Amino acid sequence: MKLKKQIVAASAAAFMLGGCYNQPGLVEDQSYNRTKTGAATGALAGSVIGYNTGSRDAKSAIIGGLLGAAVGGAVGYSMDQQANEVARALGTGVNNDPLAALDPRRDIVVSKTNDHVKIIFRDRMMFATGSSKLQSNAKHKVNKVAQVLANYPQTIVGVAGFTDNVGSYSYNLDLSKRRAATVSNILAVNGRPYTKGCSYNKAIVPNDSAKNRALNRRVEVYLYADRNRMSDPCR
């Protein structure tokens, strides 16, 4: 019971720390879900560690909780900050509306979850048909992301390429791999990104029209704070 009260107190401190972060701006997403989640998780872990490694008293638990909250909150804030910085660099905002990925007018979509930041680059702005060579404007945009990542050397980067279903699976697998590798080469500013070709797996919409196939042709970039949170982008 005593430890439970200590953990609750530390958790409250975590949310107070999370609430201290405020970054005003015109196109920024200020929900900071990862900051709050990271602070809370860090507080709970820190409380238990502080209690078990200290004098097993309230003071040790609270100190551990505050330290854990600070570390967890800092990680969350870093990812939230990266999402906003990437969006600004690409001339857009953070958009967590699932329908944004279905809007053919959007060549770039930046979104965030509790685990990662995701950037969708539409194929039409990136590559000529059947090519894995970036067009000049697309190369400029990807370089903008690389410039942001240079300030966050701890960020884990993943890149995945996706195609439509025109042609064989093996042809599209090779094309998606080459396109992902092209983007990955530019983003390798703080270590080689995890790169994968997904062919026409994980289509956003059915490949039953030219409009839908255009939505499915894309490269996605994922930014993670924790390598263990990474998942297979093709599934």
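Assign one of three labels to segment 71-184, namely rounded, prolate or oblate, based on the Cα gyration tensor with a ≥ b ≥ c the square roots of its eigenvalues; rounded applies when a/c is under 1.5, prolate when it is not and a/b is larger than b/c, and oblate otherwise. It comes out prolate by the Cα gyration axes.
For a modelled paramagnetic label at residue 105, 7 Å from Cα along Cα-to-Cβ, the residues of segment 210-226 in reach, with backbone nitrogen under 19 Å, are 211-212, 214-216.
Structural descriptor for segment 98-229: relative contact order 33 percent, calculated from alpha carbon pairs under 8 angstrom and at least 6 residues apart. What does the C-alpha gyration tensor say about the overall shape of segment 127-197? Classify as rounded when a/c is under 1.5, otherwise prolate if a/b is larger than b/c, or oblate. Oblate.
Let a ≥ b ≥ c be the square roots of the eigenvalues of the Cα gyration tensor of segment 123-163; is it rounded (a/c under 1.5), or, if not, prolate (a/b larger than b/c) or oblate? Oblate shape, in that a/c is at least 1.5 and b/c is the bigger or equal ratio.
With 0.36 nm allotted per residue and the present C-alpha distance subtracted, the residue 170-residue 89 stretch has 25.7 nm of extension available.
From the alpha carbon centroid of segment 117-137 to that of segment 192-214 is 12 Å.
With R₀ set to 22 Å, the beta-carbon distance separating residue 97 from residue 205 gives a calculated FRET efficiency near 0.90.
A short reminder: the numbers here are calculations on the coordinates, not readings from a lab. Keep in mind that what you see is a predicted model, and the values were worked out from it rather than measured. Cβ coordinates were reconstructed from backbone atoms using ideal geometry, including for glycine residues, and neighbour counts include every protein chain displayed.
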